[in-house]
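Notes to accompany the following structure.
The values are calculated or read from the model by the stated rules, or taken from the named source; none is laboratory data. This structure is a prediction, so every number in the text was calculated from the model and none was measured. We place every Cβ from the backbone using ideal geometry, glycine too, and count neighbours over all the protein chains shown. The accessibility values were calculated without ligands, DNA or RNA, using every heavy atom of the protein model including side chains. Shrake-Rupley method; radii C 1.70, N 1.55, O 1.52, S 1.80 Å.
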Amino acid sequence: MPEKPDAQPNVRTLDARALRGLAHPLRMRLLAALRQDGPATASQLAERLGESSGATSYHLRQLAAHGFVEDAPEHGKGRERWWKASHDGTAFDEGLIFDGDAATRGAADVFLTEIARIHTQELDTWLGTAHEWPTEWRGASDLSDFTLKLTAGQSHELIHKIHDLINSYRELPPSDDMETVRFHTHVIPRRTAE
């Protein structure tokens, strides 16, 4: 069991302005790379993501202007500019989907579509490389789905319980056999056939 069961990530809740600044596929990929892999330069990120360093530089500056990334001078040498994520995660306010501003609603669509694409890509990568992992890690992965009958309130409660449980594992003491593990949750209502 985790050492700090109440550990909570530093999460930024998106408002309309921040959403419009983040809702771009490359910006979201850059931010995810910095959150998952740690500080990097624009050139390193460009190589990792298959982009030009000019594009990554521009979009990192845009992310910085909206407070998502910041300089990481402790990593730089000379003129190298290193970047790091300013927060551990991002919380999406569902109200943005219904915002009165069409640009904000469009940004919400881009943001959610990109999240779904990233999740699909991560699953595809796992399925294509699972055979390269040791047996214990293949057995410690999960690709499940469940169908429940819940009220909206019960679904909301379950989501928070799942998030609390996952967050309770954030501050485990380091171990040589640890790997980075990604959890995706998708809770979506489904109409049943009549």
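So, in the stretch 74-121, of the ones that are in a helix (DSSP H, G or I) and basic (Lys, Arg), which residue ends up nearest to Ser43 (Cα to Cα)? Walk me through how you get there before you give the answer.
As a first pass, look at the stretch 74-121 and keep what is in a helix (DSSP H, G or I): 74-75, 94-98, 102-121.
Next cut, basic (Lys, Arg) only: 105, 117.
Details: Arg105: 32, Arg117: 24 Å.
For the stretch 74-121, the residue satisfying everything is Arg117.
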Among the numbered conditions (1) modelled with pLDDT under 95; (2) surrounded by 10 or more Cβ atoms within 10 Å (Cβ to Cβ); (3) of a type in the set (S, T, N, Q), tell me where Ser175 comes up short. (2)
I'd like the residue in the stretch 98-121 that is among the small types (Gly, Ala, Ser) and farther than 15 Å from His186 by Cβ and, out of all such residues, is most open to solvent (accessible area, probe 1.4 Å). Gly100
Consider the stretch 23-61. How many of its residues are in contact with a strand residue (DSSP E or B) (Cβ under 8 Å, 6 or more places away or on another chain) and not in a helix (DSSP H, G or I)? 4
Looking at Thr90, is it more than 19 Å from the chain's Cα centre (by Cα), of a type outside the set (Phe, Trp, Tyr) and crowded, with 17+ Cβ neighbours inside 10 Å? no
Scan (1) open to solvent by 60 Å² or more (accessible area, probe 1.4 Å); (2) under 20 Å from the mean Cα position of the chain (by Cα); (3) modelled with pLDDT under 95; (4) of a type outside the set (Gly, Ala, Ser) for the single condition Pro9 breaks and write down its number. (1)
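Tell me whether the stretch 122-133 contains one or more residues that are assigned to a helix (DSSP H, G or I), open to solvent by less than 90 Å² (accessible area, probe 1.4 Å), under 20 Å from Leu31 (Cα atoms) and free of Cβ contacts under 8 Å to residues at least 40 places away in the same chain.
Here is the first cut: in the stretch 122-133, the residues assigned to a helix (DSSP H, G or I) are 122-132.
From what is left, the residues that are open to solvent by less than 90 Å² (accessible area, probe 1.4 Å) are 122-123, 125-126, 128-130.
Next, only the ones that are under 20 Å from Leu31 (Cα atoms) stay: 122-123, 125.
From what's left, free of Cβ contacts under 8 Å to residues at least 40 places away in the same chain: 125.
Within the stretch 122-133 (the criterion being assigned to a helix (DSSP H, G or I), open to solvent by less than 90 Å² (accessible area, probe 1.4 Å), under 20 Å from Leu31 (Cα atoms) and free of Cβ contacts under 8 Å to residues at least 40 places away in the same chain), the answer is yes, since at least one residue qualifies.
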Arg79 being at pLDDT 95 or above, open to solvent by 70 Å² or more (accessible area, probe 1.4 Å) and out of contact with any helix residue (DSSP H, G or I) (no Cβ under 6 Å at 6 or more places or on another chain): no
